[in-house]
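Heads up, the thing below is written out as structure tokens.
Read-outs throughout are calculated quantities, based only on the coordinates presented, and are distinct from any laboratory measurement. From a predicted model like this one, the values you see are computed outputs, not experimental measurements. Heads up, the Cβs are rebuilt from the backbone with ideal geometry, glycines too, and the neighbour counts pull from every protein chain shown.
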Amino acid sequence: MRLEDAQKIVLRPYLTERTFEQIERENKLCFIVLDSASKKQVAAAVEALYEVKVRAVNTTRTLTGKKAFVRLAEESSAATLATKLGLV
């Protein structure tokens, strides 16, 4: 996937107390994504943008937009990525 396409899919990281706990305990990050994006597109976009391996993606629609909870593979660290993104 091209970086331009990936940037259109993943709009921004989303951080709350709950998502902060998921970073530490479950190796997950949360992103606000394009409403029409599929789970496969979100996974490919996160892998292209941040050079990590995605294990699973769960999505939900909320008032703030579509959220994607991205679980990273064991070889990729959500805490390290969160630090690079300036979330921690």
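Okay, residues lined up against (1) of a type in the set (Val, Ile, Thr); (2) surrounded by 14 or more Cβ atoms within 10 Å (Cβ to Cβ); (3) touching a strand residue (DSSP E or B) at 6+ places or on another chain (Cβ under 6 Å); (4) at positive phi:
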| site | (1), (2), (3), (4) |
| --- | --- |
| 44 | no, yes, no, no |
| 48 | no, yes, no, no |
| 51 | no, no, no, yes |
| 62 | yes, no, no, no |
| 66 | no, yes, yes, no |
| 70 | yes, yes, yes, no |
| 78 | no, yes, yes, no |
| 83 | yes, no, no, no |
| 86 | no, no, no, yes |
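I want to confirm something. Restricting to the range 32-51 and keeping residues that are of a type in the set (D, E, K, R) and in a loop (DSSP other than H, G, I, E, B), which single residue is nearest to residue 66 (Cα to Cα)?
Here is the first cut: in the range 32-51, the ones of a type in the set (D, E, K, R) are 35, 39-40, 47, 51.
Retained after the next criterion (residues that are in a loop (DSSP other than H, G, I, E, B)): 35, 51.
Working: 35: 5, 51: 22 Å.
Among them, the one singled out is 35.
Need the failing condition index for residue 58 against (1) assigned to a strand (DSSP E or B); (2) buried (at least 16 other Cβ atoms within 10 Å of the Cβ); (3) in contact with a Phe, Trp or Tyr (Cβ under 6 Å, 6 or more places away or on another chain); (4) not β-branched (Val, Ile, Thr), just the number.
Every condition holds for residue 58 apart from (2).
Only one of 39, 67, 84 is in contact with a Cys (Cβ under 7 Å, 6 or more places away or on another chain) and in contact (Cβ under 8 Å) with a residue 12 or more places away in the chain. Can you tell me which? Quick ask: steps written out before the conclusion?
Numbers: 39 fails: in contact with a Cys (Cβ under 7 Å, 6 or more places away or on another chain); 84 fails: in contact with a Cys (Cβ under 7 Å, 6 or more places away or on another chain).
Checking each option against the conditions leaves just 67.
Would you confirm whether any residue within the range 68-79 is out of contact with any Ser or Thr (no Cβ under 9 Å at 6 or more places or on another chain), closer than 14 Å to residue 27 by Cα and assigned to a helix (DSSP H, G or I)?
yes
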